[in-house]
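To keep things clear, I will list the structure first and then write my remarks on it.
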Amino acid sequence: DTAVSQTPKYLVTQMGNDKSIKCEQNLGHDTMYWYKQDSKKFLKIMFSYNNKELIINETVPNRFSPKSPDKAHLNLHINSLELGDSAVYFCASSQGRDQPQHFGDGTRLSIL
Amino acid sequence: AQSVTQLGSHVSVSEGALVLLRCNYSSSVPPYLFWYVQYPNQGLQLLLKYTSAATLVKGINGFEAEFKKSETSFHLTKPSAHMSDAAEYFCAVSDRNFNKFYFGSGTKLNVKP
C-alpha cells in the first residue's frame, strides 16, 4: 500500500482554470504538508496542517487553498492558474512536526 | 532568520570514491538539520537528521553527516559511492519548534562507473 498518495500524477491545464490536487496518507499521521518544487529543483514549503489547524503558510498567494476534510487528507485547490504555477507539488505527512516526513511521488502541474 | 546553502549544484564521483556533499546553514540559534534524497520522479526520503543529540549522525544507505557548530556546516558523506546513490540530495533546516522549514537548492550526485 502506498503510504502517501497524490492524484493526479500529471496535470496539464490552461491558464485561468481552477484545479485541485488530492493527497491521502494511510500512516495515521497527524500532520500533513504541501511543497512546491520549481524547475530548478528548489523546494518550498507551502502549507502544513496539524489536527485540522493551519500551522505554516509561507506567504503563498491566496489563489492556493489547502482543504483537509479529515486527518488522512489534505487537498490543494488552486484558482486562476498562472504560468508560474507550473511545478511539481509534493504532499507529505508526519506524526508530529518533529518527526520525519513521508513524501508522495509528486504531481507535475503544467500550465499551457 | 534561517537559511541553508548547498555548495555545488552538481557533484560527480567515481564508483567506490568518497562522496562529500556540502551544506552550510545560517541561524541565530543551532537549528535542526536534515538531509533528504530524491530519486527521479519520486518524492523525498529522509536520509538522516540532527536534533541536538550526537553531532555525528548516521543515516540510511551508509550515509552520515557531522554537525559542526563552529563552521555552521552539516556536510553529508559516504565512504564509497555506489551507482544507486545517483540522485538529488537536499539539505534542510528547521527551527527548534518546527515552525519554519527551509530546503537548500539541492545537489545532483552523479556516480561514474
Seminar exercise, completed: With A:Gln14 itself left out, Lys, Arg at +1 and Asp, Glu at -1 over residues whose Cβ is under 14 Å from its Cβ give -2
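Given +1 on the Cβ of Lys and Arg, -1 on the Cβ of Asp and Glu, and no further charges, what dipole in debye does chain A carry about its Cα centre, rounded to the nearest 20?
Numbers: 13 positive and 12 negative charges, 46 e Å.
Magnitude of the dipole: close to 220 debye.
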Problem set entry | Phi-based couplings in Hz for segment A:73-79 (Karplus 6.51, -1.76, 1.60; Gly and Pro marked x) | 10, 9, 8, 10, 9, 10, 9
Exercise. How large is ³J(HN,Hα), in whole Hz, for each residue of segment B:42-59 in order, when computed from phi with the Karplus curve 6.51 cos²θ - 1.76 cosθ + 1.60 and θ = phi - 60°, using x for Gly and Pro?
Worked result: 10, x, 8, 10, 6, 8, 6, 8, 10, 10, 6, 9, 5, 6, 9, 10, 9, x
Exercise. Cross-link list A:Lys71/B:Lys100; A:Lys9/A:Lys71; A:Lys9/B:Lys68; A:Lys67/B:Lys69; A:Lys19/B:Lys108; A:Lys40/B:Lys78: which exceed 29 angstrom alpha carbon to alpha carbon?
Worked result: A:Lys9/B:Lys68; A:Lys67/B:Lys69; A:Lys19/B:Lys108
Exercise. By the scheme Lys and Arg +1, Asp and Glu -1, what is the net charge of all other residues having a beta-carbon under 11 Å from that of B:Gly62?
Worked result: 0
Problem set entry | Rounded to whole Å, sorted largest first: equivalent-ellipsoid semi-axes of chain B, Cα gyration tensor | 23, 14, 12
Problem set entry | Listed residue (B:Tyr102, B:Ala65, B:Gln6) projecting farthest to the positive dipole end of chain B, Cβ model | B:Tyr102
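All other residues with a Cβ under 10 Å from the Cβ of B:Val13 taken together, and with Lys, Arg as +1 and Asp, Glu as -1, what is their net charge?
Values: positive: B:Lys78, B:Lys112; negative: B:Glu15, B:Asp85.
So the environment of B:Val13 carries a net charge of 0.
Values in this text are rule-based calculations from the coordinates and carry no lab data. Since the structure is predicted, the reported quantities are computational estimates derived from the model, not experimental observations. In this analysis, Cβ positions are derived from the backbone assuming ideal geometry, glycine residues included, and neighbour counts consider all displayed protein chains.
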